[in-house]
Amino acid sequence: MKNLPTIINLLSKKYPSSNKTTLNRMREKPEPFKILISCLLSLRAKDKNTEKVSKQLFAVADTPEKISKIPTKQLEKLIFSSGHYHKKAKTLKHVSQELITRFNSSVPSNREDLLSIKGIGPKTANIVLAFAYDQLVLPIDTHCHRIPNRLGWLKTKTPEQTEKQLEKILPKKYWKEFNAIFVQFGKKICQPISPWCSKCPIEKYCPKINIKKSR
Ligand code: SF4
């Protein structure tokens with residue numbers, strides 16, 4: 001893994017973590033409930049949409065109580081453009097209700113409690129712990145899972161396995177910004193289908209594992 005620091009340094013210059021995603025930006029003034037809800041809204045949605053939909057929703061309902069009281073049809077309408085609005089509305093309602101009844105309307109600050117709420121998976125739990133509570137954990141989304149595999153840093157099948165492996169090989173000084181850098185890089189260059197290898201700043205260090213087609 002001798003190239004790992006070189007790769008991270010090159011990527012962090014090109015995709016600085018100051019160009020943050022909506023969720024990354026929210027860590028600057030952390031409000032755990034809003035971070036949790038925005039993360040749930042961001043699943044399978046574009047970043048721009050997450051920001052817009054979160055703002056729309058929080059203007060009307062920004063606490064577990066308010067979200068649990070809002071009529072489902074109205075909630076679906078508010079979050080419609082984030083996609084999968086029917087399922088997301090159901091999750092938002094359920095999560096809010098769980099927070100009220102089991103956690104005194106607060107968002108838990110430990111992984112076990114977060115994962116005990118249906119609808120909150122490992123990625124969402126780590127986003128909340130990292131961005132809302134400033135804990136040193138690795139939120140692994142699809143980009144953070146795909147790219148280290150292509151780089152040959154690890155060989156894993158799921159984001160959960162990637163998280164465990166990265167914890168072993170990634171020096172802790174990179175953990176905080178890893179997500180922001182790899183999400184930007186994954187969206188712009190190392191895309192899921194046919195990555196832009198010809199424009200890639202780290203091409204000479206990449207063995208392109210499992211890449212069948214590139215541009
Ligand atoms: S060379 Fe291609 S596969 Fe490797 S990191 Fe760059 S874009 Fe991704």
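The values are calculated or read from the model by the stated rules, or taken from the named source; none is laboratory data. Note that the structure is predicted; figures quoted are calculated from it, not measured. So basically every Cβ, Gly included, is an ideal-geometry build from the backbone, and we count neighbours across all protein chains shown.
Within the option set T72, T6, T22, being loosely packed, with under 13 Cβ neighbours inside 10 Å and within 30 Å of C200 (Cα to Cα) holds for one residue only, T6. Checking each residue in region 149-162 for being at pLDDT 95 or above, within 20 Å of T124 (Cα to Cα) and part of a helix (DSSP H, G or I) picks out Q161, T162. Candidates in region 185-195 are the residues that are more than 6 Å from the ligand (Cβ to nearest atom) and part of a loop (DSSP other than H, G, I, E, B); of these, the one that is surrounded by the most Cβ atoms within 10 Å (Cβ to Cβ) is Q191. Here Y174 passes the criteria (1) within 15 Å of the ligand (Cβ to nearest atom); (2) in contact with a Leu (Cβ under 9 Å, 6 or more places away or on another chain) except the one numbered (1). Elements of the type helices (runs of 4 or more DSSP H) sitting completely within region 44-146 and holding at least 3 residues that are modelled with pLDDT of 95 or more: these cover 47-60, 64-69, 72-79, 85-103, 111-115.
Of all residues assigned to region 60-80, none qualifies as being touching a Leu at 6+ places or on another chain (Cβ under 7 Å) and among the basic types (K, R). C197 meets the conditions (1) modelled with pLDDT under 95; (2) touching a Ser or Thr at 6+ places or on another chain (Cβ under 6 Å) in every case but one. The failed one is (1). Taking every residue in region 192-215 that is touching a residue at least 24 places away in the same chain (Cβ under 8 Å) and of a type in the set (A, V, I, L, M) and pairing it with any residue that is in a loop (DSSP other than H, G, I, E, B) and near the ligand (Cβ under 9 Å from one of its atoms), at least 6 positions away or on another chain, the pairs with Cβ-Cβ distances below 7 Å are I211/P195.
Out of the residues in region 196-215 meeting the condition of being hydrophobic (A, V, I, L, M, F, W, C), loosely packed, with under 15 Cβ neighbours inside 10 Å and more than 28 Å from L23 (Cα to Cα), tell me which one is farthest from the ligand (Cβ to nearest atom). Filtering first and then ranking leaves I209. In the set (1) closer than 19 Å to R27 by Cα; (2) surrounded by 14 or more Cβ atoms within 10 Å (Cβ to Cβ); (3) over 20 Å from the mean Cα position of the chain (by Cα); (4) not aromatic (F, W, Y), the condition left unmet by N126 is number (3). The set of residues from region 151-171 being within 12 Å of the ligand (Cβ to nearest atom) and crowded, with 17+ Cβ neighbours inside 10 Å comprises L151, W153.
Does at least one position in region 17-32 carry a residue that is at pLDDT 90 or above and more than 12 Å from the chain's Cα centre (by Cα)? Looking through region 17-32, at least one residue is at pLDDT 90 or above and more than 12 Å from the chain's Cα centre (by Cα). For region 139-147, the count of residues that are in contact with an Asp or Glu (Cβ under 6 Å, 6 or more places away or on another chain) and more than 10 Å from the ligand (Cβ to nearest atom) is nonzero.
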